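Visitor: Quick one: the structure is below, questions incoming.
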Amino acid sequence: MVFCLSSVACTYKPAYLQQGKKAQISERWKVEKINTSLLSPDEKSVYETFGSPQFIRFFRKLSLERERVYAWVYPEPVRFVTFIDGKRADYVVLDDDPSSLNEYQRKVVFYGEITAGVVASLGVLYYLFLGKK
């Protein structure tokens, strides 16, 4: 139950997106309605200049901090406007992986899970063969 609820809580849909449909591409929403009162000043200025984007896409910045990056996609003419924490970013290196963990943190979690599994298995084996006697 905890895993199911945690996956629902891990959605990266922006708070200002009032109505939007999930698109075929992961972490991408087709914009239907935006709550302009929740936009940052930079987002509001882009919204007033270009209008509502057709799509909003979520990325992570390729860095140790892995900040959230929302990209507003305008298809006609093609524009791609990115925001980090509500501030417009003209150039940012993006990562498709939505995880907030960087490469080092992922390795620590992976090897921590392996270690916990080995310790738990040894504990069960000890109980089954030596602890019962």
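The values are calculated or read from the model by the stated rules, or taken from the named source; none is laboratory data. This is a predicted model, so every value here is computed, not measured. Cβ placement follows ideal geometry from the backbone for every residue including glycine, while neighbour counts extend to all protein chains displayed.
Visitor: What's the number of the condition residue 97 fails, among (1) at pLDDT below 85; (2) under 16 Å from residue 14 (Cα atoms); (3) surrounded by 12 or more Cβ atoms within 10 Å (Cβ to Cβ)?
Guide: (2)
Table: residues versus (1) closer than 18 Å to residue 14 by Cβ; (2) without any contact (Cβ under 8 Å) to a residue 24 or more places away in the chain.
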{"site": "58", "(1), (2)": "yes, no"}
{"site": "82", "(1), (2)": "yes, yes"}
{"site": "93", "(1), (2)": "no, no"}
{"site": "103", "(1), (2)": "no, yes"}
{"site": "109", "(1), (2)": "no, yes"}
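Visitor: A further question on this structure: Can you name the residue in region 44-84 that is assigned to a strand (DSSP E or B) and among the β-branched types (Val, Ile, Thr) and, of all such residues, is farthest from residue 105 (Cα to Cα)?
Guide: Looking at the filtered set, the residue picked out is 73.
Visitor: Scan region 111-133 and give yes if some residue there is at pLDDT 80 or above and under 20 Å from the mean Cα position of the chain (by Cα), otherwise no.
Guide: Scanning region 111-133 turns up no residue that is at pLDDT 80 or above and under 20 Å from the mean Cα position of the chain (by Cα).
Visitor: Name, by its number, the condition in (1) over 30 Å from residue 49 (Cβ atoms); (2) over 23 Å from the mean Cα position of the chain (by Cα) that does not hold for residue 76.
Guide: (1)
Visitor: If I ask for residues that are of a type in the set (S, T, N, Q) and under 19 Å from residue 30 (Cα atoms), which ones from region 59-106 would you list?
Guide: 82, the sole residue that qualifies.
Visitor: Hey, can you tell me all the residues within region 85-117 that are under 24 Å from residue 42 (Cβ atoms) and not in a loop (DSSP other than H, G, I, E, B)?
Guide: Once the filter is applied, which keeps residues that are under 24 Å from residue 42 (Cβ atoms) and not in a loop (DSSP other than H, G, I, E, B), region 85-117 yields 87, 88, 89, 94, 95.
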